[in-house]
Structures are given as C-alpha cells and as structure tokens.
1. Return the single residue from Gly44, Gly180, Gly154 with maximal mean-square fluctuation; model: Gaussian network over the chain, springs between Cα atoms under 10 Å.
2. Out of the DSSP beta bridges found with both residues in the chain, what percent are antiparallel (nearest 5)?
3. Need one word for region 101-191: rounded, prolate or oblate. Basis is the Cα gyration tensor (sqrt eigenvalues a ≥ b ≥ c); a/c below 1.5 gives rounded, then a/b vs b/c decides.
4. Under a 10 Å cutoff between Cα atoms, tell me which one of Leu93, Leu42, Leu213 has the largest fluctuation in the Gaussian network model of the chain.
5. Pick from Ala223, Ala62, Ala130: which is most flexible by mean-square fluctuation in a GNM of the chain where alpha carbon atoms under 10 Å apart are linked?
6. State, to one decimal in nm, how far the label point of Ile242 lies from the label point of Ser74, with both points 7 Å from Cα in the Cβ direction.
7. Bin width 5 Å, origin at 0, all Cα-Cα pairs of the chain: what percent of pairs per bin?
8. How big is D, in µm² s⁻¹, for region 161-222 by Stokes-Einstein at 4 °C and 1.567 mPa s if Rh is the Kirkwood radius over C-alpha pairs?
Amino acid sequence: MSNWVESHFGLSGKKVLVTGSSKGIGAAIAIAMAEAGAEVVLQGRSSQSLAATKSAIEAISAHPVSEVICDVSSASEITAAFADISTLAIDVLVNNAGSISRAPAADTLYEDWSRIIDTNLNSIFQISQACGRAMLERGSGRIINIASLLSFQGGINVPAYTASKHAVAGLTKALANEWGARGVNVNAIAPGYIATDNTAALRADQDRNASILARIPIGRWGAPEDISAVAVFLASAAAGYINGEILTVDGGWMGR
Ligand SMILES: NC(=O)c1ccc[n+]([C@@H]2O[C@H](COP(=O)([O-])OP(=O)(O)OC[C@H]3O[C@@H](n4cnc5c(N)ncnc54)[C@H](OP(=O)(O)O)[C@@H]3O)[C@@H](O)[C@H]2O)c1
C-alpha cells in the first residue's frame, strides 16, 4: 500500500467498536475494519454469538479483540455494559445492531413496536452518548449509523422498523450538527437490499424476491461486503469532510 493510500484510507492506530457484530453486515464491517488495520471491539448479546467473527479477525490481525456484551434493546443493560467505555478510547463507533418485525400496522403489538424502537433507535442514542462524550473530550471521533432505504421510504408491513430508521437519519443529522465542529463526524449508511438473516423472509417469498430484484438497477441483492468497504471509507481520513450524510449503498434503488 502506498503511503498516500495508507494515510487516507488506512485505520492503523484506530479502535473501532461495531454493535451487532455477530453476523451479517456487522460481522463484515468488523472484519473489514480489522483488514484496514484497526483494533476491533465487538458487541453482541453473548461471547458465544461473537466467536466466529472473533476468530475471523484473529486470523488477519495481531491486535487483541475485545467484547462488550449486552442486549441493546435494554437501556439498563447498555448503561451497565458501557459504564466505563471511555477507558477503551473508541475512535470509531459503528451503530449497526438492528432488528425487524414484519406485520401490518393494524396487527402490530405494542411490545413489538417498542422492542424495535428500543433496539434500532434508543440504543443508538444511548451508545452514541456513551462513546461520543469521550470522543468530544479528545476532540476527535467518528460515528457511523446503519440506517436503511426505509429511512426515506415507507416500506411494506414494517411500521416500527420504518419509524426507527427515519429517526436514525434524523439523529445522525442532529449529532452531526452538534458535534462536527468538535471533531466528531457523524454519518449513516443506508444499505439497500442485502442478503442477510434480516431479509431472509423476503428472499424466501418468490414474488417479493422477483419484484425487489426487478427494481435494483444493478440487478442483484447486495452482500454485507458491499457495505463494509463503505464503512471503512467513512471511518478513514479520506472522509474527513463528510458529516451529516446518509449515504445510500443500494445498487441504484433510490435513483429509480
Ligand atoms: N439486510 C438488509 O437488507 C438491511 C438493509 C438496510 C439496513 N439494514 C440494517 O443493517 C443492520 C444489520 O442488519 P443485518 O442485515 O446484518 O441483519 P442480521 O444478520 O439479522 O444481524 C443483526 C445484528 O444485530 C444484532 N442484534 C439484533 N438485535 C439485538 C439486540 N437486541 N441486542 C444486541 N444485538 C442485537 C444481531 O445479534 P444476534 O446474533 O444476537 O441476533 C446481529 O449481530 C441493521 O441495523 C439493519 O436494520 C439491513
């Protein structure tokens, strides 16, 4: 790697925390950050669930891999797990953990609505505050939120998910406005349709799968690696003047 590429895109000397890094997009982001030279802190509901990502990183990185264990739908678990996060000196926080509940609005149970809002939105505020305070004190940091095309569109039978992801876009801009001048850039990636457990039900439905594919100009589902490389870019020095951006990575879906 040339010095120019390393200084603009490399992440040596950076510590990156990725929430929901057990599988899917979060696992791919954690591994890509390690590939770019960062020390990675994983986050998940159990050490067992993080084992595969941890071994994949240990195979490519000499840095230790640490873990923060909590269920991000629980405010009290987040408070306890992130109580001394400032001691870890996180440079880059990726708020990726997220969940979906599929049911028409009229049939959605309030507890399902609440769990999705807690998991996808409230956790991002709480974890960004915990990591962000230390970043503000140091005068540098990056926060990357994983939004969605449903940060812009209404979606079908996913009212809580859509509401949470619209709010993630708003929170990204609110934090970017407050923290940009203090050295902390806050951006989001809005992935298109990516083949993970989150979208397994859509791919299993032949009609839905065909209609989704027909609308994606690139003509294929995205892979977690389509998102992870963009996360590395947003974490890098090259993205230093990007702030408050919701970057769609969707094979062209939103341009259609
Ligand atoms: N796939 C897509 O097409 C797509 C599109 C737009 C946005 N996104 C967003 O991308 C992010 C990652 O989704 P994915 O597609 O990679 O889905 P995934 O394969 O289902 O992974 C979701 C991750 O979030 C974690 N998680 C969920 N609920 C949690 C909780 N209460 N506490 C702690 N961790 C929790 C999961 O951990 P466990 O292993 O413990 O379940 C897992 O690591 C989400 O924010 C999702 O909304 C995905």
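Since every read-out is calculated from the coordinates, none of them should be taken as a lab result. Worth saying up front: this structure is predicted, and the values here are computed from it rather than measured. As a convention, Cβ positions derive from the backbone with ideal geometry for all residues, glycine included, and neighbour counts pool all protein chains shown.
1. Looking only at Gly44, Gly180, Gly154, the biggest GNM fluctuation is shown by Gly154.
2. Approximately 0 percent, going by the DSSP bridge assignments.
3. prolate
4. Comparing Leu93, Leu42, Leu213 in a Gaussian network model of the chain, the most mobile one is Leu213.
5. Per the Cα network of the chain with a 10 Å cutoff, Ala62 tops the list.
6. 3.5 nm
7. Spelled out per bin, shortest first, that is 1, 6, 13, 18, 20, 18, 12, 7, 3, 1, 0, 0.
8. Details: Rh = 13.9 Å.
Roughly 93 µm²/s, to the nearest whole number.
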